[in-house]
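Asker: Here it is: the structure, laid out below.
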Amino acid sequence: QVQLVESGGGLVQAGGSLRLSCAASGRIFSINNMGWYRQAPGKQRELVAVITRDSSTNYADSVKGRFTISRDNAKKTVSLQMTSLTPEDTANYYCNADIRSSGSLRYTDYWGQGTQVTVSS
């Protein structure tokens with residue numbers, strides 16, 4: 001069974017930084033895109049950043065220049081370094097990965113359980 005486990009959320013003051021990490025585990029054959037999404041109360045889940053297997057990246061306009069996504073293919077991890085945080089970044093952050101498990105011929109979308117990021121003004 002494949003799992004994504006996030007860590008690193010918490011409470012930070014505006015202007016501060018946080019680093020989120022996500023580790024994939026289980027019977028994994030291959031991982032394509034990995035990314036981070038977020039969902040604030042009363043809002044739809046939105047893409048924050050995505051990184052391909054060869055480390056090409058794409059960011060939401062609202063986080064460009066402030067957030068950096070990275071991955072370690074050997075460790076099956078993806079991280080999100082967040083700087084210059086504002087209260088508008090407050091949300092539950094979810095790790096997402098497109099994973100082909102061992103014994104499977106197709107890729108499946110997996111989600112972590114979410115980690116809360118709260119930015120105080």
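Asker: Can you list the strands (runs of 3 or more DSSP E) lying wholly within the range 80-121 that have 2 or more residues being under 14 Å from residue 9 (Cα atoms)?
Answerer: On the way: elements: 91-101, 108-111, 115-120.
Output list reads 91-101, 115-120.
Asker: While we're here: Return the total of residues in the range 10-49 being in a strand (DSSP E or B), within 28 Å of residue 105 (Cβ to Cβ) and of a type outside the set (Val, Ile, Thr). Give the derivation first.
Answerer: Within the range 10-49, the subset in a strand (DSSP E or B) is 10-13, 18-25, 28-39, 46-49.
If we keep only those that are within 28 Å of residue 105 (Cβ to Cβ) too, we end up with 22-25, 28-37, 47.
Applying the additional criterion that residues be of a type outside the set (Val, Ile, Thr) yields 22-25, 29-30, 32-37, 47.
The total comes to 13.
Asker: If I ask for residues that are under 18 Å from the mean Cα position of the chain (by Cα) and open to solvent by 50 Å² or more (accessible area, probe 1.4 Å), which ones from the range 14-24 would you list?
Answerer: Kept after step one, since they are under 18 Å from the mean Cα position of the chain (by Cα), are these residues of the range 14-24: 17-24.
17, 19, listed by residue number.
Asker: Continuing with the same structure: Restricting attention to the range 63-98, report how many residues are of a type in the set (S, T, N, Q) and within 13 Å of residue 37 (Cβ to Cβ). Give the derivation first.
Answerer: Restricting attention to the range 63-98, the residues satisfying the condition of being of a type in the set (S, T, N, Q) are 68, 70, 73, 77, 79, 81, 83-84, 86, 90, 92, 96.
Filter again for within 13 Å of residue 37 (Cβ to Cβ), leaving 92, 96.
Within the range 63-98, residues that are of a type in the set (S, T, N, Q) and within 13 Å of residue 37 (Cβ to Cβ) number 2.
Matching residues to (1) at pLDDT 95 or above; (2) open to solvent by less than 60 Å² (accessible area, probe 1.4 Å):
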{"position": "35", "(1), (2)": "yes, yes"}
{"position": "50", "(1), (2)": "yes, yes"}
{"position": "66", "(1), (2)": "yes, yes"}
{"position": "77", "(1), (2)": "yes, yes"}
{"position": "85", "(1), (2)": "yes, yes"}
{"position": "88", "(1), (2)": "yes, no"}
{"position": "99", "(1), (2)": "yes, yes"}
{"position": "104", "(1), (2)": "no, yes"}
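Asker: If residue 28 satisfies every condition in (1) open to solvent by 30 Å² or more (accessible area, probe 1.4 Å); (2) over 30 Å from residue 121 (Cα atoms); (3) not aromatic (Phe, Trp, Tyr) but one, which is the exception?
Answerer: Here residue 28 clears every test but (1).
Asker: Looking at the range 109-118, which of its residues are in contact (Cβ under 8 Å) with a residue 60 or more places away in the chain and open to solvent by 40 Å² or more (accessible area, probe 1.4 Å)? Steps first, please.
Answerer: First, pick out the residues of the range 109-118 that are in contact (Cβ under 8 Å) with a residue 60 or more places away in the chain: 110-118.
Correct list: 110, 111, 113, 116, 118.
Asker: Pairs only if they're at least six apart or on different chains, beta carbon under 8 angstrom, first in the range 77-103 and closer than 13 Å to residue 117 by Cβ, second open to solvent by less than 10 Å² (accessible area, probe 1.4 Å) and hydroxyl-bearing (Ser, Thr, Tyr); list them, first residue then second.
Answerer: Matching pairs, first to second residue: 80/93.
Asker: Something else: Can you name the condition, by its number, that residue 121 falls short on among (1) free of Cβ contacts under 8 Å to residues at least 40 places away in the same chain; (2) of a type in the set (Ser, Thr, Tyr); (3) open to solvent by 70 Å² or more (accessible area, probe 1.4 Å)?
Answerer: Of (1) free of Cβ contacts under 8 Å to residues at least 40 places away in the same chain; (2) of a type in the set (Ser, Thr, Tyr); (3) open to solvent by 70 Å² or more (accessible area, probe 1.4 Å), only one is false for residue 121: (1).
Asker: Here is a further query. Taking the range 83-121 as the search range and keeping residues that are touching a Pro at 6+ places or on another chain (Cβ under 9 Å) and not polar (S, T, N, Q), which one is nearest to residue 5 (Cα to Cα)?
Answerer: The qualifying residue nearest to residue 5 (Cα to Cα) is 91.
Asker: Step by step: first the residues of the range 56-65, then only those that are under 14 Å from the mean Cα position of the chain (by Cα) and assigned to a loop (DSSP other than H, G, I, E, B), then the one that is farthest from residue 89 (Cα to Cα). Which residue is that?
Answerer: If we filter the range 56-65 for residues that are under 14 Å from the mean Cα position of the chain (by Cα), which is where we start, we get 57-60, 63.
If we keep only those that are assigned to a loop (DSSP other than H, G, I, E, B) as well, we get 60, 63.
On the way: 60: 12, 63: 9 Å.
If we take residues in the range 56-65 being under 14 Å from the mean Cα position of the chain (by Cα) and assigned to a loop (DSSP other than H, G, I, E, B), then 60 is farthest from residue 89 (Cα to Cα).
The values are calculated or read from the model by the stated rules, or taken from the named source; none is laboratory data. Keep in mind that what you see is a predicted model, and the values were worked out from it rather than measured. All Cβ positions, glycine included, derive from the backbone under ideal geometry; neighbour counts span all protein chains shown. What goes into the accessible areas is simple: the full protein's heavy atoms, side chains included, and nothing from ligands, DNA or RNA. Shrake-Rupley method; radii C 1.70, N 1.55, O 1.52, S 1.80 Å.
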